[in-house]
Amino acid sequence: MRALVALFVLFVIATLVATRAEPLAPTVTVEGIPDTVGRGTPMRVTAKDRGSGLAHVEVRLVPDGSDALVLARQDFPRTGWFGSGVYETTLAPTLGANVPVPEGHAKLEVWATDHSWLSALRRSPRYTRDVNVDVTPPALGVLSKRHAPRVGGSELAVLKVGPDAADSGVQVGDVFFPATAGFFKDPTLRAVLFAVPENAPAAVPVAVATDGAGNRAEVSLDVRVEPRKFAEKTLPINDAFLSRKVPELLAANGLQDSGNLVDGYLRINRDLRQATEARIRELCRDSAPTTLWTESFLRMPAAPLSGFADRRTYTYNGQVIDHQTHLGYDLASLKNMPVPAANAGRVVFAGPLGIYGNAVILDHGVGLFSLYGHLSEIGVTQGAEVKRGDPIGKTGDTGLAAGDHLHFSMMIHGVHVDPVEWWDHHWIGDHVLARLAEYPKAPPPPPPTPVATPAAAPTGAAAPTGAAAPAAAAPLGESSP
Ligand SMILES: [Zn+2]
């Protein structure tokens, strides 16, 4: 009998230990915390527990000689015999904008407890790290004045930033236009092209600079945005067009074909259009730090079929089936007309590009790009330098085009802007070139290292450094079928 009682007591103790006093302490992993922590530093702290579940997780900053600041905390009360039932949580603490905190050395601590009785014995943080606290945003000033962009149009600003600015530019609504360093002789000056996107007419542009710790300075621009109304157009879609384009475009872009032409068309006009624009923004991320051009942009001599930011209503059998905005100019003349490069630049893309079919994108520097869509033939390769007027391909109707024409877009870092301004010599002079000319320009980069002449080659082993080797490029002439 006594043995049985002893066995029972042992069982109770074992159960209690296994459930209430389990020895598995919470673990903590921390991501993305740099040596210097500022107001905008993104931090991710994940706490896990394999036993009784998490009870309390807290991220603290302990500046030298000051009280601990709690940056984030979460509590998970016991919900049953076995604990909280929460085995993992992620906190994203930040140093809030208004939290007073001394700068300098501090300790970042993560405390985590579980529902085990043993938790009471664990009196130290599960993670500790030495950091430097810097909550001073970089210096930022706007030197240019009287910015007057139209909705859908472009503008240029000149910023002056502190040496610790890691990033600067102009924020317009959701869109950030990065500034270009290295354009001016004074290394603290930045040139930034920005736009008021056609779909954000109420956005107010502001200058922004952030440092490595994420501290952000904002300065308002002297800016007056000119409102604008865009044309409304109706585009009837017919069966001949649908059966000619839809199956081909769905297949070419890896989209499912349900067999229903209108359904397939909507997938192209909505989803593929959106995916194409996202791809364009990726392709237009990096730009040369200087203007690769000096004159206005060329407009292919042809009649405009559609203008910038036309609001299009699509109808099928008299029914409205879709609405989209046309982000460029459609220019049509004869079939397979040679397409000139609108200005000097570098080919950043040449190939099939979603709704734009066979397309070319040129970088003109300082964030400015041009796009040529629906080409029947592409005559340049990625990485090539082109001059103003150089033929880059021939017009066609590849992609989502009903007939032979050129789709022409001007873009700032992939955001479409009205090309009319860039075709206008006077507009460019007033809004861009005059502002850039106010400060001394950085000396041109040293010419590409001269290719060693055979006589001067030091040793036979010298690899052909191929100074200006025209980048590993795509195969020539991606001609359309
Ligand atoms: Zn177009």
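The values are calculated or read from the model by the stated rules, or taken from the named source; none is laboratory data. Keep in mind the model is a prediction, meaning the values are calculated, not measured. Cβ atoms come from the backbone with ideal geometry, glycine included; neighbour counts cover every protein chain shown. Note: accessible area is taken over every heavy atom of the protein model, side chains too, but ligands, DNA and RNA are not part of it. Shrake-Rupley method; radii C 1.70, N 1.55, O 1.52, S 1.80 Å.
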Just for region 381-400: of the residues that are surrounded by fewer than 22 Cβ atoms within 10 Å (Cβ to Cβ) and either under 17 Å from Asp330 (Cα atoms) or among the hydroxyl-bearing types (Ser, Thr, Tyr) (or both), which one is farthest from the ligand (Cβ to nearest atom)?
Thr381
For region 57-156, give me every one of the strands (runs of 3 or more DSSP E) that falls completely inside it and has 2 or more residues that are open to solvent by 50 Å² or more (accessible area, probe 1.4 Å).
69-75, 88-91, 104-114, 127-133
Between a first residue in region 139-154 that is at positive phi and a second residue that is part of a strand (DSSP E or B), which pairs have beta carbons less than 9 Å apart while being 6 or more apart in sequence or on different chains?
Arg146/Val223; Gly152/Ala195; Gly152/Val196; Gly152/His416; Gly152/Val417
Residues that are more than 17 Å from Phe308 (Cα to Cα) and open to solvent by less than 70 Å² (accessible area, probe 1.4 Å), drawn from region 227-239:
Ile237
Heads up, the strands (runs of 3 or more DSSP E) in region 303-355 (entirely inside) with at least 2 residues that are over 27 Å from the mean Cα position of the chain (by Cα) are 303-306, 310-316, 319-326, 329-332, 338-340
Give the residues of region 290-306 that are within 14 Å of the ligand (Cβ to nearest atom) and either at pLDDT below 90 or out of contact with any strand residue (DSSP E or B) (no Cβ under 6 Å at 6 or more places or on another chain) (or both), sorted by residue number.
Ala302, Ala303, Pro304, Leu305
Asn317 being more than 12 Å from the ligand (Cβ to nearest atom), free of Cβ contacts under 8 Å to residues at least 60 places away in the same chain and not β-branched (Val, Ile, Thr)
yes
Glu248: open to solvent by 70 Å² or more (accessible area, probe 1.4 Å), more than 16 Å from the ligand (Cβ to nearest atom), not small (Gly, Ala, Ser) and not in a loop (DSSP other than H, G, I, E, B), yes or no?
yes
Name every residue in region 313-349 that is closer than 26 Å to Thr290 by Cβ and open to solvent by 10 Å² or more (accessible area, probe 1.4 Å), in order of residue number.
Pro340, Ala344, Arg346, Val348, Phe349
Condition check for Asp257: without any contact (Cβ under 8 Å) to a residue 40 or more places away in the chain and open to solvent by 20 Å² or more (accessible area, probe 1.4 Å)
yes
